[in-house]
Each structure stands twice: as C-alpha cells, then as structure tokens.
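Colleague: Submitted below is the structure of interest, expressed as structure tokens.
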Amino acid sequence: MTTDHMLKNLISRRGFLKGASLGVGLPVLGGVLTACGGPNVPAAAQAATAMTDMTPAPQPAGMTADEMDAMHEAGVKAFVAGVKTAGQGNQPLQPKVENGVKIFELTCKEIQWEYDAGKMADAWAYNGQVPGPELRVTEGDTVRVIVKNELVESTAVHFHGVIVPNKMDGVPFVTQPPIKPGQSFTYEFVARNPGSHMYHSHHNSTKQVGKGLLGAFIIEPKDKSKDPAFDIEHTLILNDQLGGFTINGKGFPATSALTAKLGQKLRIRYMNEGLMIHPMHLHGLPQLVFAKDGWNLPQPYMCDTLNVAPGERWDVIVDCTEPGVWAFHCHILSHAESEHGMFGMVTALIIS
Amino acid sequence: MTTDHMLKNLISRRGFLKGASLGVGLPVLGGVLTACGGPNVPAAAQAATAMTDMTPAPQPAGMTADEMDAMHEAGVKAFVAGVKTAGQGNQPLQPKVENGVKIFELTCKEIQWEYDAGKMADAWAYNGQVPGPELRVTEGDTVRVIVKNELVESTAVHFHGVIVPNKMDGVPFVTQPPIKPGQSFTYEFVARNPGSHMYHSHHNSTKQVGKGLLGAFIIEPKDKSKDPAFDIEHTLILNDQLGGFTINGKGFPATSALTAKLGQKLRIRYMNEGLMIHPMHLHGLPQLVFAKDGWNLPQPYMCDTLNVAPGERWDVIVDCTEPGVWAFHCHILSHAESEHGMFGMVTALIIS
Amino acid sequence: MTTDHMLKNLISRRGFLKGASLGVGLPVLGGVLTACGGPNVPAAAQAATAMTDMTPAPQPAGMTADEMDAMHEAGVKAFVAGVKTAGQGNQPLQPKVENGVKIFELTCKEIQWEYDAGKMADAWAYNGQVPGPELRVTEGDTVRVIVKNELVESTAVHFHGVIVPNKMDGVPFVTQPPIKPGQSFTYEFVARNPGSHMYHSHHNSTKQVGKGLLGAFIIEPKDKSKDPAFDIEHTLILNDQLGGFTINGKGFPATSALTAKLGQKLRIRYMNEGLMIHPMHLHGLPQLVFAKDGWNLPQPYMCDTLNVAPGERWDVIVDCTEPGVWAFHCHILSHAESEHGMFGMVTALIIS
C-alpha cells in the first residue's frame, strides 16, 4: 500500500468533521503523496527501501518480522479504509426550546456497544451512544435535562465542571434522591461558566461511568472573542474502561480521524472519563494549551504531549501548517500498540 | 432522609474548622434546605420523584437497586452524622519556645489507627497521629525538631520542600546516620521558604511513609500580603496506603467535612503522601490555583479538578459563593465509590 | 562511614560532568563535611546519636534494624564509590558533516545491558547504548539520520517533538514502510523547533522502546538568549521497563550523580520514555521550570517535585546555592526504596 493510495482512500471515505472538506487541498497533498519514494525523499532512503529483505529469524512473539508487519499494516489499512462499527458516540443533540428553555432528554439504557469491528461490550448508555450525545448550550441559557432511567440500577447525573445550584448537582442522598429504575428526574439550571465540561453518572459511578454513562457538556461563551480564534473543532473523550482504551467510545482502528485543511486552526477539547492518566501526543504539530477545565489560562503555553488526568478537560489550538497524516495517540505506549499492531487510544490528524 | 435533616445534623455535629461557625448562615441555608422538593425545584423533577417505583430485576452485583441504594444512603448518613473514630491526625502541635527557638518533639511509635469506623490498621505514627501533627512556623523562625524513635526499625525525617542545610536533610548514610530504635535525633534549621511543605520518613520510606510516618510542615510567610487573601484554610493530606484511600488519615464516611460560611474565601493546601496521583474534584465551585510546592505561581489559574502527584503540594482558593453540600473527591472513581457506596477519598465542602 | 569519607570518595571518583570540577569547593565543603557531629550540629543531636542502641526486636521483614540499615548503607556506599557497570547511555554522538548536513548513524541491535552491578537485561539498543546516543544539533541545521536495523523485527524511528515533514515522521504504514531486518532508512529534515526532544522506535513500540530503543534529540536554539542562563546541564531520561526503574539506563546505586560547583546554574532536561509518571523530587533546592516539551513557558514557575508523564520533556534551572549531597529521586516511593535500601530512580545532586 502506498501513502498515495492511503490518502486517496482517506479523502474519499472520510468527511465527517464539519468545516473540513477534504479533497480541496489536493495540490498541497501532492507533496504529501510522494512520501514513500518521491523526489523529496533522500536517495539513501529510496535505496534502502529497495534492499532485498534478509530472511529474519522468528522473533520472540513467535512471528516473523513480516508476519508482525502484516498485522500492523492491516490495522492501519483498516483505519484508513474506515472501520464500520454500529453506533457513534458524542453526536450533537438538538434541544427542544420551550419558553426560552433548552430542553434535552436523556434515556439511560443497557445496550450492546461495538467499540471495534466485531467487538461488543455490555454498555450502559445515554440515548444509545457511548459517549452520550453532546449537549451544547450558550452561556446564559436556561437548560433543562430530563433523565429517564431504564436501567436495573438507580442513577443520577452530575454536570461535571458546570456551576449549578446545589440541588442540581446530581449526588444521590446529598443533593437529590437517586433516580430509581423506571423513574425520571429533571435538572434545570442557568449555564453560567463557559467551557468544555462533562456530564456523567454520580451513582455507583466507578461502574456506571465505566459502562458508558458519560458525555460532553459544552457551554459556548456569549462573547467568543475571549477564546482564541479557530476554524474547526473536535472533542476527544478519553476512556479506559468499556472496551479498553478508547477515544470517543471506539478503539483503533475504529477511531475517527480528525481532519483539517492546511492553514486551518483546530480546537481540540480533551476530556478524560477514565481511571488513568493519558498523555496525548500529537505528531508533527505543537498544541497551544489555552484552557483548563473550561477556564481560560492567563498565559497559554505550547506542548506536544498533554497529560490529561481523570476528570480534567483541556482545550488546545493546533495550527495546521504541515500537510500529512499525523499520528495522534496516548503516549503510555501500552495504551496504543501491541505486537499485533496499534490499538486503543490511537487516531490521526489528517491535514490536506 | 431529607436534605433538611441532613444539614441540621451537619450543623449540630460539626464545628471543627476554625472560623467556620455553622448555623449562622441559616437564612441562606433556607434556600439549600428545600433542595429535595421545595419551590425552587422544577415541577417536572418533583413529579418524577413521586413516580411509583417499578420492581427492578436484581442487578449484576446480586443486589436489587433498592438494596444498593440503601448501602449508598447509609454511607452518606454516617458521614452526615459524623463517624466516631479513635484518633484524629494533622492536629496543630504547639512548639515550646526556648531562646527564640521553636521546639517540636516527635515520637515515632507503632499504634493501631482507626481509619474508618471499626476498621483498624497497624500504623507507625508521629505522636500517635496519622498524619502526624501539623508543624507550623513563620518564615525566619529557628526551628528545632527532636525525633525520638520508638519503632523496631531505624528511621529519619526529611522536611520535604523545606530548604535546610544539607546535614538536616534527613537521608540516612547521605546526610546523617539513621536514628536507631531507642535513639533520638535533633533537626535544627531556619525556616526560609514559606509555603505548604511536608515531613516524613526517608528511611525504608515506601513502608514507613506507607504506614503513617508523614505530616504537614507549614511555613507562614513573614509578609502575608504576597498570598491571596483568605478567611479560613484546610489541609488535605492525600494517601493511598494505610487504610487504603484516605484524606487526613481517614476514609469516607469517616473523613471530616470542610465547612465555610457563604462568602468566605477558603484556602486548601493539598499534599500527596501516597504512591498514586489523585485528581481532586470539587463540585460546584472553581478552585484558583496559586501555589505549587509552596512557591506562588506567577499567574494563578482556575480549575475544578486538580491533579496532585506524589510529593506535590498545591494551594488553591475557593470563593464560597454557592451554598450547599458540595461533594469533593478524587476523580479516579475507583478511589471514591464502589457498588457498596462512596468510600475512601471522598469528603464535602459545606457552605452555609 | 562518615559523610566526610563519603564526600572525599565522591570528589576523587566522580568528575564526569563537563564544567563540574570537583574538589575546588573544599573550603565550602568544609561546612558540609562536619554534617555528622561537627560544631554546627545541635548539641542535642550529638548527644542523641551517642545513645546506647537498645536491642530491637526483629522487625517484620525478618531483619533486625541493624541488618536493614547495613543493606541501606551498602547501597549508598556503592553509589558513592561509583558502581562499575558495562556501558553508558546517552553519550554525545558527533555527526559527520557533508555539504553542511549533519549526519548521524544509528544501528539497532540486540545487546546485553548492565543496568546495575551484575544485573543484565536483554536490550535492543541504538549503537549499543541505553538510552541511545545523544543527538544534538542547532536550530536551522539540516540533519540526516541513517538507521540500520540489525534486529529480528522491523522498526522505524520517530523524532518525538521535532517538527519534520510528514514523510520523515517514522510511523510504519502511515508515513513510511517499516525498516525490515537487515535494511536501513534515512531520515532527513531541517531542525526547526529548538528544545529537549527525543527519538525512539514507533513500531511495536511498547516492546521496542521498552527494550531500549530510545534517546535524546536536542536542538540548540540559534539565539541562546531566549533560554535562561546556565553553566552546566544534565539530561535525565526516566524509564520503567528495561531493568525496572532507571535514570539514563541505570538503576541506583549504578546511577550517575549530577555534580555542580557552588553558585553554578544547572539546567536539567527531564524526559520520560516509560509507561508511568515519575514526579521527580530534588532535595534542598527548588527547580525553576521554564520549558515544556521544548517550548519555553511564557512564565516560568518554581517547584521541588516535578511530575513528568510519559512522552513529556521538562527543562528546569537549579540555582546551586546550597553545598552538599542532595538526594534526587522519583517520589513514588516504591520506585525508589525497598526494605533492602534505595534502588531504581534515585541519584544525587552533589554541590561542592
């Protein structure tokens, strides 16, 4: 497989990020597409890749190098082709609006979640999605979230990071009774503090969040001039329970690539709903870190590996100045690659 | 149990934080006390909680939802009522003053430590407390700490974060001989760098700190105007060895609540004496992070989840603008909640 | 063993850090050398250490306190004397220069690596070193790295943190074919972003980096005035796979001490190539943190314990104002000390 072929596949099969119309950048991609043998590659490298392969001894895992490489290649090929799995999490949920109140309805229910091709997990989900649907409102909005519990356990929803009246805080026996199976509960509050927040179960939470009762809650600022400018955005919800290591509910190669056009500014909202840290490393392009838990930093700073701890959210800007397919993964390598190839918390930023 | 009842219990039974005279804020609490059914609750929510409970199927842990809820409720009720356990750690130790020198005496001894009601651990403690007594001095003070070792192992005390002459640094065979069983050693230095520091064993330390030989060492600045203003303060020493996950030596529900009056500014000193990170999440109110390891940051920043790594100290200010009982816990959920209810690194900030 | 004796050993046997000519500081060390009983020690302390040792009961590990102390002392003594192990990692590799291009050659090969005296690990190494040789260039340099694979598995090299053209990014099947056993590959790029970076395998990386295929890649800025001033520098590559917990490929007591003269400013470059966080605690002297992943922070800040996550690099300045032997270790205590003494991620900063 050539990179050329790979990128053409990417261009034809992926276009899910709003504002990222792939294919437009082909003249730029021209440079990228020569990556494995074009005129920009040092002569030595071209010679090297043309060398005859020596017969390697079987290596410790009981595979030859070629057998191992084939498994790694298959994973990348599957990612490039786009892995078909049932269900997609973190999909925007349009609120009903009544008397100026933005109303969201969430139903908690047991489902089967396909976190990678053919790999199913017993999940508990909001509206059948893992992560649950993205709830997005604007600073100052009155928000009502009606939660219906169709699980066998009681539950409750905590709006993590959102400043709410105490009685809307979602902690059973502290701020409300638990929502029993078959019951509902209505949360209502004014969205006061803008930023990248979350919602999740706060009852038997190690299990309930672990099984998928989690999602993004984003409050847009009234005055957007306080945030850095950006053209497109993507939310990455990191997790390490249901289905192992996942980004937005899927493990590589079933993860979604992030796409951008050359020159665009990409905002990434990191959210960690797992039990472990995940230092997220983006290849090729630095990240400007500008907000922590929804609060803008007084002084943004640059990095390439951002350590995201459970419960934290971080917002960054990536200036998409370098075309290509940039690997993007947790740098705890055991969350990202095994002898069978890349897996888990791996995706790519594709700039064309 | 109603929230009303719960808060009344809290008001009558807890008053341990200096400056936090509970009960005064009752008119404000009026708003809080209606949390489960008062006029401020959306009508839909009230209707929902009045729904007839459907008979749930037994859930996977072998409990019905009601049985599980009862266990969760019992934990919260116990916390609210105030769990009686023997011993309280981190109690201020008044120094003797001789010729202007502030003298503290610490005796290392094996004890039984009740980290939760009826749950005992074989501990090694300074002055019978886990954490050991809080040592608090002022920048510029000459400090003498006399350590008497009544353990079966040798020991030594390191003043973690405090700038001391090398010979007072507490590392056996590097800066001093170990303090053998039955012996004492005297540390003496001028307290130069203000901030939230620690002291702990630096001999066979994985075990000795793990068994409880640790405490807070706080140096007040001479010029307090360099710190942000605050009305009250609380130190949270995080740990994950003796008795499992603990805050100030106790696990939920035996943890102490933090209390504040509406409008007060609360300073929290986080210290991690364990072997794992603990991202501490306070519900409802943001934290202004202003110092790292006792050093004021050039630019404080806001967050709601603060990742505290072993050996780190962080100082934050919480502006207590929202009345209520705010859950406060490690956001590695497995450090905070099981199917049997909340446990370990969980407490609450109660603002009245 | 007295501290006096220990420091004399240190002075006579260690002088490996450029710019750190030990022995010069003896008049200053005079103060240090009295650490265990000189005139600066409080009288009480001297009396205490002269107390008769009571016969302790055997302690839980089945050793007497004296037996345990002897094991601890032996480790410190070995460190002070300088442990002889075969091989030293992170040695500067001088590039060949052809037509202005700086050319480095790296050969990947299986070796035996002695990570502590007599303790061997099956390693995969660049040029026979763990970590691999330090590659150091200047911003604006054209760099060519020729990688020859003599392993039984395919491999590839990723320049972690370095902004390179996509095809030079080192991810098999994404940006290049894997380098098969017996083959080579040539990377070539202009070093654009100065700072402390890394290079490591990006194929079957959990295993390959874990076995030692990693190293420092440092880009000096063209304009050095943008960095804080410093007199000497040291790179600490943290790891937790090959040979357990190591700094620059060796575990205590085989780790190298950092040395500095009183008054010097020391730059430390932290790099984490492991799978766990390592909060690095330097005794006695604060660290001014000024760069993250090679990018200077807009506002440096002070700390004594710096949490370094996998894939992160941090640069700090230590102002060596306090003479002595300062312990320096990961503050996850189980990475640094057992009942048998200090081990793993422990070294010392020796200021004379």
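Colleague: Between C:Glu150 and A:Val190, with labels modelled 7 Å along Cα→Cβ, what's the label distance in nm to one decimal, could you check?
Modeller: 7.2
Colleague: Averaged across C:207-215, how many Cβ atoms of other chains sit within 10 Å of each residue's Cβ atom?
Modeller: For peptide C:207-215, the averaged partner shielding equals 2.
Colleague: When the Cα atoms of region A:127-170 are enclosed in a convex hull and the volume is divided per residue, what value in Å³ results?
Modeller: Taking only Cα atoms, region A:127-170 has a hull volume of 102 Å³ per residue.
Colleague: Now a separate question. If I take the rotation axis that carries chain B onto chain C, which residue of chain B has the nearest beta-carbon, and at how many angstrom?
Modeller: Axis relating chain B to chain C; nearest Cβ residue and distance: B:Gln299, 3.
Colleague: Compute the separation of the alpha-carbon centres of region C:117-152 and region A:281-352 and state it in Å as a whole number.
Modeller: 26
Colleague: Considering the options A:Val162, A:Phe185, A:Thr246, tell which one lies farthest towards the positive end of the dipole of region A:146-261, charges being +1 on Lys and Arg and -1 on Asp and Glu at the Cβ, about the Cα centre.
Modeller: Going by the Cα projections, it comes out as A:Phe185.
Colleague: Across every pair of different alpha-carbon atoms, what Kirkwood hydrodynamic radius in Å does region A:177-222 reach?
Modeller: Here the Kirkwood hydrodynamic radius works out to 12.5 Å.
Colleague: Considering every residue in C:273-283, what mean count of other chain Cβ atoms within 10 Å of its Cβ is obtained?
Modeller: That works out to 5 on average.
Colleague: A follow-up question, please. Over the alpha carbons of region B:258-326, what is the largest minus smallest coordinate on each principal axis, giving the biggest first in Å?
Modeller: Principal extents (Cα only, largest first): 33, 26, 16 Å.
Colleague: Same structure, new question: For a Förster distance of 30 Å, can you work out the FRET efficiency between the beta-carbons of B:Lys222 and B:Lys119, rounded to the nearest 0.05?
Modeller: After rounding, the FRET efficiency stands at 0.10.
Colleague: State the dimensionless ratio Rg/Rh of region A:59-172 (Rg: radius of gyration of Cα atoms; Rh: Kirkwood radius).
Modeller: With Rg and the Kirkwood Rh in hand, the quotient comes to 1.17.
Colleague: Tell me the Kirkwood hydrodynamic radius of region C:114-234 in angstroms, computed as one over the mean inverse distance between distinct C-alpha pairs.
Modeller: Hydrodynamic radius (Kirkwood, Cα pairs) of region C:114-234 is 15.4 Å.
Colleague: Semi-axes, largest first, in whole Å: what does sqrt of 5 times each Cα gyration tensor eigenvalue give for region A:172-258?
Modeller: One finds semi-axes of 27, 23, 9 Å for region A:172-258.
Colleague: Here's another thing I want to ask about it. Once both labels are modelled 7 Å past Cα along the beta-carbon direction, what's the B:Thr107-C:Lys96 spacing in nm?
Modeller: Computed distance between label sites B:Thr107 and C:Lys96 equals 7.4 nm.
Colleague: When the convex hull of the Cα atoms of region A:216-261 is projected onto a plane and the area is averaged over all directions, what value comes out in nm²?
Modeller: 4.5
Colleague: Would you tell me the mean number of C-beta atoms belonging to other protein chains that fall within 10 Å of each C-beta in C:318-331, as a whole number?
Modeller: Per residue, the average neighbour count from other chains is 4.
Colleague: Looking at this model, which pairs from C:Lys222/C:Lys292; B:Lys102/C:Lys77; B:Lys224/C:Lys224; B:Lys226/B:Lys265; A:Lys77/A:Lys119 are more than 26 angstrom apart at the alpha-carbon?
Modeller: B:Lys102/C:Lys77; B:Lys224/C:Lys224
Colleague: If you bin every alpha carbon distance in region C:218-352 into 5 Å steps from zero, what whole percent lands in each bin?
Modeller: Reading the bins upward from 0: 2, 11, 21, 24, 20, 14, 6, 2, 0, 0.
Colleague: Give the value in nm², to one decimal: projected area of the alpha carbon convex hull of region C:255-294, averaged over all directions.
Modeller: 4.0
Colleague: Sorted from shortest, what are the nm distances separating the label point of A:Lys77 from equivalent points in the other copies, each placed 7 Å from Cα along Cα to C-beta?
Modeller: In nanometres, ordered from closest: 6.2, 6.2.
Colleague: Moving on to the next point. Run through the other copies and list how far each one's label point is from that of C:Asp223, in nm with one decimal, shortest first; the point sits 7 Å from Cα along Cα-Cβ.
Modeller: From this label point to the equivalent ones elsewhere in the assembly: 3.3, 3.3 nm.
Colleague: With the label 7 angstrom out along Cα to Cβ, how close does C:Gln112 come to the same site in each of the other copies, in nm, nearest first?
Modeller: So the distances to the same position in the other copies read 5.4, 5.4 nm.
Colleague: Need one number: the % of Cα-Cα pairs in region C:312-352 sitting beyond the 13 Å mark.
Modeller: Distances greater than 13 Å cover 62 percent of the Cα pairs.
Colleague: Could you please state, rounded to a whole Å, how far the C-alpha centre of region A:205-258 is from the C-alpha centre of region B:153-169?
Modeller: 44
Bear in mind that the values in this text are calculations on the coordinates, not laboratory data. Note that the structure is predicted; figures quoted are calculated from it, not measured. All Cβ positions, glycine included, derive from the backbone under ideal geometry; neighbour counts span all protein chains shown.
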